[in-house]
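Following: one structure in structure tokens, then a few remarks.
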Amino acid sequence: MKKLLTAVFTLLLAQAALAGVKIEHWVSPSGARVYFVESRVLPILDVQVDFAAGSMFDPAGKSSLAALTLSVLDLGAGKLDETAIAEQMADIGANLGGGADTDRASVYLRTLSSKDKREPALEILRTVLHQPLFDAAILEREKARTIAGLKEAMTRPDSIAGKAFWAAMYPNHPYGQQASPETVATLTRDDLARFHARYYTAANASITLVGDISRDEAAAIAESIVAGLPKGEAAKLPLPPPQPKGSLVKLAHPASQAHVYIGLPAIERGNPDFFPLLVGNYTLGGGGFVSRLMKEVRDKRGYAYSVFSHFAPLKQTGPFQIGLQTKRSQANDAIKVAREVLDGFVKDGPTEEELTAAKANLTGSFPLRLDSNKKLLDNAAVIGFYGLPLDYLDQYQGRIQAVTVNDIKQAFSRHVRPADLITVTVAAD
Amino acid sequence: MRLQQLIPFLLVPWLLTAAHANPYEMTLKNGMRVIVKEDRRAPTAVQMVWYRVGSVDEVDGTSGVAHVLEHMMFKGTPSVGPGEFNKRVAAAGGRDNAFTSRDYTAYCQQVPKEKLEEMMQLEADRMRHLNVDAKEFEQEIKVVMEERRMRTDDNPQSKLFEQMTAVAFQAHPYRRPIIGWMNDLETMTAADAKAWYDTWYVPNNAYAVITGDVDHHAVFALAEKYYGPLEGRALPVRKAQTEPTQEGVRKVSVKAPAELPVLIMGYKAPVLRDVEKDSEPYALDMLSAILDGHDAARFNKKLVRENKVALSVGIDYDGTARGPGMLYLHGSPSEGKTVADLEAALRAEIAHVQKDGVSEQELKRAKAQLLASQVYKLDSMFGQAMEIGQNESAGIPYQKISRMLEKLQQVTAAEIQAVAQKYFNDDALTIGVLDPQPLDGKARRPAVATRH
């Protein structure tokens with residue numbers, strides 16, 4: 001096992017046998033937060049640059065601006081057109097990708113770590129981040145593709161249900177804003193350039209590097225990425241989402257199965273209640289085939305192939321969500337069963353036996369969360385982006401072990417109030 | 001069997017096997033093979049048990065039974081109660097999964113390495129001692145029907161692919177969907193599942209692939225202990241089933257609630273039978289990479305970016321299978337363009353390859369991507385086990401994987417042009433079109449205008 005040292009402080013070594021991931025952290029001279037895990041076994045380097053530039057920062061009436069800005073970044077930058085960028089990356093076997101969710105816009109590079117491969121790959125990454133062209137003709141093409149994709153999504157019961165669910169949970173918050181063909185059609189090159197200038201900045205970035213380089217090399221690479229970004233300032237968050245009242249949204253659709261979502265805004269990243277909720281939810285609907293929802297809805301009654309519950313903590317209050325699909329004629333029966341399971345769990349929590357099983361899985365499976373460079377990158381990037389404690393992974397198992405039935409009951413009663421639940425059905429009879 | 005598997009797995013095997021003995025292999029007396037690939041990067045292990053039986057082995061009237069049995073495998077043995085399998089894996093801190101394909105059925109657990117033994121014990125137990133309980137079956141078949149509704153009935157692309165496959169293949173069992181026809185699921189009984197299990201779930205029809213932080217000697221000893229005592233039994237003779245030669249283009253259309261039309265053009269294509277002697281599957285793989293291996297590869301560059309005839313376009317070819325192969329071109333036309341426009345554009349790209357071939361630079365690029373992807377593949381223990389298992393399921397020994405990679409690196413531009421000329425042939429073509437229907441039966445709203 002490697003020693004658990006970080007640049008900032010020394011971690012408790014008590015759990016070294018369980019974890020052993022050394023995340024180094026520093027702030028680059030130009031002001032971005034950097035997270036680094038050295039991993040020398042494979043000749044690979046992964047670099048992820050995260051900006052607080054997700055869809056929550058879409059201005060009112062301009063939904064999809066964050067997503068479109070990110071997706072157009074590598075379609076022409078500096079002196080390279082979109083073809084040159086893709087061909088040059090392919091020539092060295094490097095992959096450039098990314099994605100935007102509600103909170104983050106992430107640009108991701110995987111390259112072979114030898115200098116002759118990684119340096120040209122990093123050069124393209126820098127160009128894409130620093131000097132995107134936002135070519136007007138390419139933007140129009142991508143807008144047309146986005147609009148077509150949105151229209152297709154609006155025919156899919158699952159997408160319809162997901163959009164309606166978020167809109168109902170966050171009626172007065174950017175998390176509830178839904179992209180539509182109309183909003184995408186209004187976006188201009190200036191919108192993208194302004195969004196990029198405001199949010200793709202050093203102060204608004206965290207950089208995560210994992211792989212076959214030294215700490216010094218990581219520092220130089222990170223600084224070379226940050227130095228070309230405007231200094232900027234950290235993104236300002238909107239007011240926290242208000243808690244909506246419980247409601248039922250029922251939408252028609254010709255599908256053979258109803259799609260059902262039940263939930264409410266529940267918890268933000270970094271909230272200490274996360275661990276009791278995580279452990280409790282394992283028993284409720286997070287633990288796959290051993291969860292109560294799976295047993296009652298699928299195993300005992302054959303109502304659904306997939307039924308789950310989960311918490312998705314975000315920068316601001318993220319959702320708790322139950323999801324299932326069932327033959328449309330039995331939707332109400334399935335919802336009734338799911339609600340009974342949830343209400344019973346909120347009232348009484350798990351049994352001691354269930355709690356023990358949940359802890360055994362969540363702590364026992366910990367090594368599986370970290371057994372590849374890609375997984376290390378994902379974990380370190382989340383820790384960095386959300387400002388979680390650097391020893392988050394080291395403390396993870398201990399925090400789970402400490403959870404009691406009473407902690408779970410209290411946390412659920414605070415965050416999952418049955419009267420406030422929002423239920424969305426699509427294609428239910 | 002997802003159509004969106006855009007990177008054929010032939011393109012991504014690993015690089016370093018030939019250098020040393022790893023992986024290691026043994027065969028138990030009952031005929032079961034055990035393949036171990038040591039990878040000590042993290043204290044975890046993956047066990048996969050593969051049965052050489054899939055939907056290709058089914059007969060009319062019980063389509064879907066291979067997959068239904070996969071579900072029933074979690075319903076208990078005399079020593080492990082219903083649902084107990086999942087519970088034991090969960091308690092071990094593990095994740096488990098199973099998958100049924102045309103060619104194989106596989107069961108997988110990812111666990112902390114010290115739990116591997118318990119996983120082997122559990123898999124060995126259900127290899128020969130499954131209890132196919134009628135009451136459990138009655139519930140589970142409903143779950144499978146919900147799965148079919150979700151994956152196929154309410155998914156227009158899946159439905160198109162299902163219909164198209166049933167047209168492309170007329171005699172070969174690949175014509176049947178893996179999930180099974182709904183009517184076959186409705187009439188299936190526990191006895192059907194039991195018969196399937198009794199026939200095919202024997203050690204001589206299985207192999208285990210184990211990767212991770214393990215010692216192969218120790219794993220072999222555990223395999224002797226748990227799988228060794230299971231008795232083998234002769235398998236039914238599997239007669240070769242050959243699809244008659246197609247002699248003319250076939251067309252199928254499917255109407256479903258959707259916005260975008262979808263076009264799939266499926267050509268009959270060869271699959272790899274002999275790693276040394278065959279050459280065409282390698283050439284088709286490299287052709288796929290040149291047409292669709294990156295964002296500026298020919299298809300995306302020409303059809304999406306330049307002509308804007310397509311919103312998306314791709315190629316899908318899997319050169320390893322027990323049965324006959326197909327190569328698919330697929331895409332959706334842009335607004336204002338038709339399926340016919342897209343078909344014409346795809347045909348123009350194919351004609352271009354047939355007439356002028358591909359450039360050395362394109363070929364070199366595809367080979368560089370292939371080399372890098374072999375290294376990236378090593379980042380996933382699960383992926384490494386899958387690769388060994390899938391190749392073995394198609395009759396390709398894992399020892400040959402590195403040789404296949406060498407053969408891919410040797411493909412020439414002339415070979416690519418030759419396979420393009422030979423296999424993009426209308427007489428062996430099946431065309432599938434998704435004809436999108438409004439959700440409510442009413443006319444659509446006018447399209448939002450965008451400038452071009």
query = Is it the case that some residue within the range A:149-164 is surrounded by fewer than 21 Cβ atoms within 10 Å (Cβ to Cβ), of a type in the set (A, V, I, L, M), away from chain B (no Cβ under 14 Å) and closer than 30 Å to A:R40 by Cβ?
reply = no
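Which members of the range B:165-209 meet the condition of being farther than 24 Å from B:M72 by Cβ and not in a loop (DSSP other than H, G, I, E, B)? Lay out the reasoning, then the answer.
To start, the set of residues in the range B:165-209 that are farther than 24 Å from B:M72 by Cβ comprises B:165-172, B:175.
B:T165, B:A166, B:V167, B:A168, B:R175, listed by residue number.
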note = Scanning the range A:316-331 residue by residue, those in a strand (DSSP E or B), among the polar types (S, T, N, Q) and within 12 Å of another protein chain (Cβ to nearest Cβ) turn out to be A:Q325, A:T326
query = Of all the residues that make up the range B:305-344, how many are part of a loop (DSSP other than H, G, I, E, B) and under 25 Å from the mean Cα position of the chain (by Cα)?
reply = 7
task = Determine which single condition B:G93 fails, assuming it passes every other condition in (1) touching a Pro at 6+ places or on another chain (Cβ under 7 Å); (2) touching a residue at least 24 places away in the same chain (Cβ under 8 Å).
result = (2)
remark   = Counting only residues that are surrounded by fewer than 22 Cβ atoms within 10 Å (Cβ to Cβ) and of a type outside the set (F, W, Y), the range B:327-339 contains a total of 5
ask   = Of the residues that sit in the range B:120-155 and are in contact with a Lys or Arg (Cβ under 9 Å, 6 or more places away or on another chain) and of a type in the set (D, E, K, R), which one is surrounded by the fewest Cβ atoms within 10 Å (Cβ to Cβ)?
value = B:D133
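Does any residue of the range A:369-381 turn out to be under 26 Å from the mean Cα position of the chain (by Cα), away from chain B (no Cβ under 14 Å) and modelled with pLDDT of 95 or more?
Yes, the range A:369-381 contains a residue that is under 26 Å from the mean Cα position of the chain (by Cα), away from chain B (no Cβ under 14 Å) and modelled with pLDDT of 95 or more.
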query = Can you name the residue in the range B:156-180 that is surrounded by fewer than 22 Cβ atoms within 10 Å (Cβ to Cβ) and out of contact with any helix residue (DSSP H, G or I) (no Cβ under 9 Å at 6 or more places or on another chain) and, of all such residues, is nearest to the other protein chains (Cβ to nearest Cβ)?
reply = B:Q157
ask   = Is at least one residue of the range B:354-364 without any contact (Cβ under 8 Å) to a residue 40 or more places away in the chain, closer than 17 Å to B:G293 by Cα, within 14 Å of chain A (Cβ to nearest Cβ) and not aromatic (F, W, Y)?
value = yes
request  = From the list B:E136, B:E117, B:E123, pick out the single residue that is farther than 21 Å from B:R52 by Cα, out of contact with any His (no Cβ under 7 Å at 6 or more places or on another chain) and away from chain A (no Cβ under 14 Å).
outcome  = B:E117
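From the list B:G314, B:G323, B:G319, exactly one residue is in contact (Cβ under 8 Å) with a residue 60 or more places away in the chain and touching a Pro at 6+ places or on another chain (Cβ under 6 Å). Which is it?
On the way: B:G314 fails: touching a Pro at 6+ places or on another chain (Cβ under 6 Å); B:G323 fails: touching a Pro at 6+ places or on another chain (Cβ under 6 Å).
The match here is B:G319.
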remark   = In the range B:250-278, anything farther than 24 Å from B:F169 by Cα and either away from every other protein chain (no Cβ under 14 Å) or crowded, with 23+ Cβ neighbours inside 10 Å (or both) is listed as B:A258, B:V275, B:E276, B:K277
remark   = The lone condition B:R88 fails out of (1) away from every other protein chain (no Cβ under 11 Å); (2) more than 17 Å from B:D133 (Cβ to Cβ) is (1)
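Considering only residues that are assigned to a helix (DSSP H, G or I) and farther than 12 Å from B:Q47 by Cβ, which ones fall in the range B:210-222? Full working, then the answer.
Let us first name the residues in the range B:210-222 that are assigned to a helix (DSSP H, G or I), namely B:216-222.
Within the range B:210-222, B:H216, B:H217, B:A218, B:F220, B:A221 qualify.
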ask   = Is there any pair with a first residue in the range A:65-84 that is at positive phi and a second that is crowded, with 17+ Cβ neighbours inside 10 Å and not in a helix (DSSP H, G or I) whose Cβ atoms are under 6 Å apart and which are 6 or more apart or on different chains, and what are they?
value = A:G76/A:L133; A:G76/A:D135
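What residue, of A:E119, A:E142, is assigned to a helix (DSSP H, G or I), out of contact with any Asp or Glu (no Cβ under 9 Å at 6 or more places or on another chain), within 22 Å of B:Y376 (Cα to Cα) and modelled with pLDDT of 95 or more?
Result of the check over A:E119, A:E142: A:E119.
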request  = Would you be able to say whether some residue in the range A:282-291 is touching a helix residue (DSSP H, G or I) at 6+ places or on another chain (Cβ under 6 Å), among the polar types (S, T, N, Q) and within 14 Å of chain B (Cβ to nearest Cβ)?
outcome  = yes
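The values are calculated or read from the model by the stated rules, or taken from the named source; none is laboratory data. Remember, predicted model here, so these are calculated numbers, not experimental data. With ideal geometry, Cβ positions are generated from the backbone for all residues, glycine too; neighbour counts draw on all protein chains shown.
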